[in-house]
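Okay, so here's the structure we're looking at.
Laboratory data are not the source of any read-out in this text; all were calculated from the coordinates shown. Remember, it's a predicted structure, so these values are computed and weren't measured experimentally. Note that we place each Cβ from the backbone using ideal geometry, even for glycine, and neighbour counts take in every protein chain shown.
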């Protein structure tokens, strides 16, 4: 335990130094940890895979899901599923095929196990870099959504491969049915845990307890889903979606506390994970020597798998996103009318008008193609991280008959090289690539400004409605001058003015002012969320405005409490 605390403290210190000097903390932590691992007498820092999967992964996923709206997820569902599911499967099978050809001692099942381990990218570093350098909002949403989905697909493949190799009894023998079971039951568990959390919060009415309860949610969702052999990752993600969407009905103190608490948790866990990755190098080499593996043979195989991982993603992304761009350009250049097939009924003979529900969902989905610059950035955001490390550590020591698990040390070594290689290769070059492509242009800035203005228009409109209702139906005991004063003060304050009454006692005027202003803030939040869900304003602008409203209410409450 003392050693783990020292690793965590050291990782935080390195993060602070790297951040202060404008460097990437993840990259610097890995390099420093790699060097530290070769210090003579350095003990082996080793955690069970269950700890990594149940203690580290759920909070990271839950925190990302809390800050990611359901409308944004639905709007970008096509690229998210393409990258989060199809890309993982393609990468796993590509790595498996190449590895089985290069390493004769690897059966295809072993090679596919390796592919499942190295398939899921960890978008933490990519999203952090993109946010700092100002990537387009849609690109950030796609990368974040991918990171929430791909872990579930990779871990499902991992479990299937383990059951085949170790000859263990799987919950469902058919791999496709098992995959479908995970994909369906996991989200259902997440929905149950998420709505149960919101119900509990409505009865707690205590910001401190609600924040503490929030720490339990990701672990409860993960363990409950895993207990019934469903996807714990999907359960955590869906629970985060539900709680994040329902947080508008919580108190402002809860939202502010959770926002900063979960950000601090992210920093701690990410720093620890990258430090843990770097500290494994020397001990992986020692394990290979004990297993009498050819070190150079494993190094060559590891580099080959690394190349496959780096190449497959750009090829798949061009196939997914670039094909449509090329097709549209060809159609524009060569306008050729295609004759109708006489064997097929004419289009006018049947009603092809989509249903209202289908049309509603179609409008919610963003079908705009990615530009070649955006596709290039997505293609180069394939750094591996905590899931690859945890899955490699989770390979059992023995199979069903008690014999050692075949090629366990070799698989772990290759997975480690791929994880560290992607961090060291793509990590330093991604900022340079983003800067060279000039993705953020004047149109993007103008759109952000318009969305911010739209959010301000929504909150001002909601405030005017509540204030007008107050003027027409004032509380009993207030004269016209008092009503007018309260109206003007709240109207100014709701538009970010600095004026605020300084009540010294509970009077009818002060109580009416506080009640009205809180009603205004509540109406503004509801209006913002409704317009976000309707797709008329972007989620980023809504979240920024909601934070401003929370800070305004915090300032109001602080002043009222200090005076009263």
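A viscosity of 1.002 mPa s and a temperature of 20 °C, combined with the Kirkwood radius over C-alpha pairs in the Stokes-Einstein formula, give the stretch 1-134 a diffusion coefficient of 117 µm²/s.
So for 425, 80, 142, 165, fewest C-beta neighbours within 10 Å to most, what's the order?
425, 165, 80, 142
Neighbour counting of Cβ atoms within 10 Å sorts the residues 122, 401, fewest neighbours leading, into 401, 122. Counting neighbouring beta carbons within 10 Å and listing from fewest to most, the residues 231, 63 come out as 63, 231.
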